[in-house]
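The values are calculated or read from the model by the stated rules, or taken from the named source; none is laboratory data. Quick caveat: nothing in here was measured; it's all calculated off a predicted structure. Backbone-built Cβ (ideal geometry, glycine too); neighbour counts: all protein chains shown.
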Amino acid sequence: MFEDKVAVVTGGAKGIGKAIVEEFRKAGATVCIIDLLPNDYYVGDLADQAILEDFARKVIADHGHVDYLIHNALPLMKGLDHCTYEEFNYALRVGVTAPFYLTKLFTPHFAPGAAIVNISSSRDRMSQPQTESYTAAKGGISALTHALAVSLSGKVRVNSISPGWIDTDSTVYHGPDAAQHPAGRVGTPLDIAHMVLFLCSPQAGFITGENICIDGGMTHQMIYHNDFGWTLGGDQP
């Protein structure tokens, strides 16, 4: 179903993005990547407005239209104690501004049946200490999702995915790392890539403005100290 389709994937050179690229290509799509890391299409910084504009021009010059736009690039993760003003803004430029602006640039060129999938994080609703820049960016793209879905109503479906713990190094986890997930394991990039392709497919034609959390059930598991074997370690106030 993806033959002759054009997919744009930000942050597509490794990890979840690479898995998304590979699955699209297996399904017959042409994929245009933008990443700071070396790749076969475009190397550039998503925080730079001129780079975004040049990348969009290249995609349209090469292919004439876009069918699927996947915002996956990873924002900087730094926290309250050490994140500078410039670093926090950089995280937002990569994680929120770039998805907004690339969508704006491609809006005149989306083909019929087009879809956007934003990669957020389960950190859009829960946090660890010292992760403010990343968490703010992921919360922003979750909110941007339903805003874009309304603005692009009837033209492009827009959804987001919030991954939980996704291992990108092919490590197989056992013991507590796996057991703390109700699904019984840590996630893999393919868990996310498969949902991306589903959300881009005609089978998802009545889904827009939605955020789907893929975290093995972790955000639904209530944890209390000394309950069901869970204990909180360390010196806590």
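Values as computed for the structure displayed
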quantity: Members of the range 192-237 found to be under 24 Å from residue 114 (Cβ atoms) and among the charged types (D, E, K, R), listed by number; calculated: 210
quantity: Residues being in a helix (DSSP H, G or I) and closer than 16 Å to residue 20 by Cα - total across the range 182-213; calculated: 12
quantity: Tally of residues being aliphatic (A, V, I, L, M) and surrounded by fewer than 20 Cβ atoms within 10 Å (Cβ to Cβ) across the range 187-215; calculated: 6
quantity: Residue in the range 17-31 that is among the charged types (D, E, K, R) and assigned to a loop (DSSP other than H, G, I, E, B) present; calculated: no
quantity: Members of the range 40-64 found to be of a type outside the set (Ser, Thr, Tyr) and either at pLDDT below 95 or outside any helix (DSSP H, G or I) (or both), listed by number; calculated: 40, 43, 44, 45, 46, 47, 48, 64
quantity: Single residue of the range 160-180 satisfying the filter (out of contact with any strand residue (DSSP E or B) (no Cβ under 8 Å at 6 or more places or on another chain), part of a loop (DSSP other than H, G, I, E, B) and free of Cβ contacts under 8 Å to residues at least 60 places away in the same chain) that is farthest from residue 74 (Cα to Cα); calculated: 175
quantity: Criterion (hydrophobic (A, V, I, L, M, F, W, C), surrounded by fewer than 19 Cβ atoms within 10 Å (Cβ to Cβ) and closer than 28 Å to residue 223 by Cβ) met by exactly one of 80, 74; calculated: 80
quantity: Matching residues in the range 112-148 - criterion: being closer than 27 Å to residue 54 by Cβ, over 16 Å from the mean Cα position of the chain (by Cα) and buried (at least 16 other Cβ atoms within 10 Å of the Cβ); calculated: 114
quantity: Among (1) in contact with a helix residue (DSSP H, G or I) (Cβ under 6 Å, 6 or more places away or on another chain); (2) assigned to a strand (DSSP E or B) - the single one residue 157 does not satisfy; calculated: (1)
quantity: Flag if residue 103 is within 19 Å of the chain's Cα centre (by Cα), among the polar types (S, T, N, Q) and either closer than 23 Å to residue 18 by Cα or surrounded by fewer than 16 Cβ atoms within 10 Å (Cβ to Cβ) (or both); calculated: yes
quantity: Residue check for residue 30: among the polar types (S, T, N, Q) and crowded, with 21+ Cβ neighbours inside 10 Å; calculated: no
